[in-house]
Amino acid sequence: MDADVGFDTVRRFLIEDQPVRGHWVRLGAAWRELRANGQYPPAVRALLGEAVAASVLLAATLKFRGRLTLQMQGHGAVRLLVAQCTHEFGVRAVAHYDDSQAAAISGEACVGEAFRALLGEGGRFTVTIEADERNLRYQGIVPLTGESLAQSLEAYFSASEQLPTRVELAADGEQCAGLLLQKLPQTEERSGIGALWQAVQRGMRRLDAGALLRQGLEPLLGIVLPEHDVRLFRGIAVAFECRCGEGRVTTLLRALGAEEVREILAEEGAVTVTCEFCRRPYRFDAQAVEALFTDSGAADISPLIH
């Protein structure tokens with residue numbers, strides 16, 4: 001049997017005849033391929049995995065074509081963390097951190113003191129949605145709050161979407177996972193919805209990281225919603241996908257300007273740009289650099305990749 005059966009999938013579900021929906025994601029090979037592009041201490045790696053799972057859950061709640069970017073900026077060991085998910089569920093992520101501070105944080109559970117040590121005080125949580133249609137761009141910013149990324153995500157939904165939301169996230173070196181449930185707006189309050197939402201919250205508290213990482217959606221729902229009929233929808237594949245390319249790199253170099261790029265060329269003998277998400281190098285020799293800044297040669301730019 002394939003070791004990754006039940007992995008690399010996001011699934012939607014809802015409670016029958018009730019205004020409660022949910023999404024679940026669990027990544028195996030996609031997460032391992034993503035994290036292979038950077039060597040992270042265990043605590044940073046766990047936070048990055050939780051952020052990747054969170055970005056998929058956020059994207060799954062939307063109907064859009066484009067990209068969703070989850071960004072955390074803090075003053076602890078992790079200075080910047082970025083996780084991105086497209087409408088087709090291609091994911092990529094990277095974290096910038098202080099080696100000595102990160103090494104002092106033990107364990108892989110990013111909750112409580114570990115979460116605060118990773119991101120410090122006064123950090124912020126930003127969600128940016130870039131929709132291809134009409135070049136729409138939406139951004140929501142909330143403080144990093146609570147004891148975990150999951151609690152910060154709940155605060156984001158409360159502040160930006162006014163949707164009561166419960167989230168659980170987990171990650172280790174082999175996989176990452178997340179479960180999200182939301183109480184949807186209603187035209188009129190239904191009988192028993194308050195009690196149902198209380199039951200949802202109690203059920204989510206019964207989950208732990210081990211259950212999220214080891215079990216598929218159906219067993220998890222048996223823990224969270226044992227007495228409710230749930231409709232499950234077909235899963236959608238999630239994969240590691242980097243969107244770097246020659247066009248993006250040439251645009252970046254042109255933005256730097258001819259003088260600065262030529263100075264780098266003179267000092268280094270070539271201009272090399274390495275994608276921080278996938279570590280793919282783009283190397284420009286003298287001829288390629290000159291083509292960047294001449295109209296006649298712009299169409300013939302072909303960086304040498306090693």
Flagged in the stretch 9-53 as within 30 Å of R79 (Cα to Cα), surrounded by fewer than 24 Cβ atoms within 10 Å (Cβ to Cβ) and either among the charged types (D, E, K, R) or in contact with a Pro (Cβ under 9 Å, 6 or more places away or on another chain) (or both), in numbering order, are R32, E33, R35, R45
Name the one entry in V82, V56 that is in the same structural domain as Q182 (by TED's automatic domain parsing) and crowded, with 24+ Cβ neighbours inside 10 Å.
V56
Report, by residue number, each residue of the stretch 142-180 that is among the hydrophobic types (A, V, I, L, M, F, W, C) and out of contact with any helix residue (DSSP H, G or I) (no Cβ under 7 Å at 6 or more places or on another chain).
A150, A155, F157, A159
Quick check on the stretch 117-138. Is at least one of its residues small (G, A, S) and closer than 23 Å to L212 by Cα?
no
What are the residues in the stretch 173-222 that are more than 13 Å from G22 (Cα to Cα) and in a strand (DSSP E or B), if any?
C176, A177
For F125, all conditions in the list (1) within 21 Å of A43 (Cα to Cα); (2) in contact (Cβ under 8 Å) with a residue 60 or more places away in the chain hold save one; what is the number of the exception?
(2)
Quick check: is even one residue across the stretch 182-193 of a type in the set (D, E, K, R), under 30 Å from P41 (Cβ atoms), out of contact with any Ser or Thr (no Cβ under 7 Å at 6 or more places or on another chain) and free of Cβ contacts under 8 Å to residues at least 40 places away in the same chain?
no
Among the residues of the stretch 222-245, how many are under 23 Å from the mean Cα position of the chain (by Cα), surrounded by 17 or more Cβ atoms within 10 Å (Cβ to Cβ) and under 22 Å from Q175 (Cα atoms)?
5
In the stretch 1-34, anything among the charged types (D, E, K, R) and out of contact with any helix residue (DSSP H, G or I) (no Cβ under 6 Å at 6 or more places or on another chain) is listed as D2, R12, E16, D17, R21, R26, R32, E33
Mind checking whether some residue in the stretch 265-272 is in contact (Cβ under 8 Å) with a residue 40 or more places away in the chain, exposed (fewer than 15 other Cβ atoms within 10 Å of the Cβ) and assigned to a loop (DSSP other than H, G, I, E, B)?
no
Mind listing whichever residues of the stretch 104-122 are in contact with a helix residue (DSSP H, G or I) (Cβ under 9 Å, 6 or more places away or on another chain) and on the phi < 0 side of the Ramachandran plot?
A104, I105, S106, E108, A109, C110, V111, A114, F115, A117, L118, L119
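A quick yes/no check of all residues on (1) of a type outside the set (A, V, I, L, M); (2) touching a residue at least 40 places away in the same chain (Cβ under 8 Å):
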residue	(1), (2)
G76	yes, yes
Q101	yes, no
A104	no, no
A114	no, yes
A117	no, yes
A131	no, yes
Being in contact with a strand residue (DSSP E or B) (Cβ under 6 Å, 6 or more places away or on another chain), surrounded by fewer than 20 Cβ atoms within 10 Å (Cβ to Cβ), within 20 Å of L149 (Cβ to Cβ) and assigned by TED's automatic domain parsing to the domain that holds Q18 narrows L169, L207 down to just L207
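The values are calculated or read from the model by the stated rules, or taken from the named source; none is laboratory data. Not measured: the values here are computed from a predicted model. Virtual Cβ from ideal backbone geometry, glycine too; neighbours counted across all protein chains shown.
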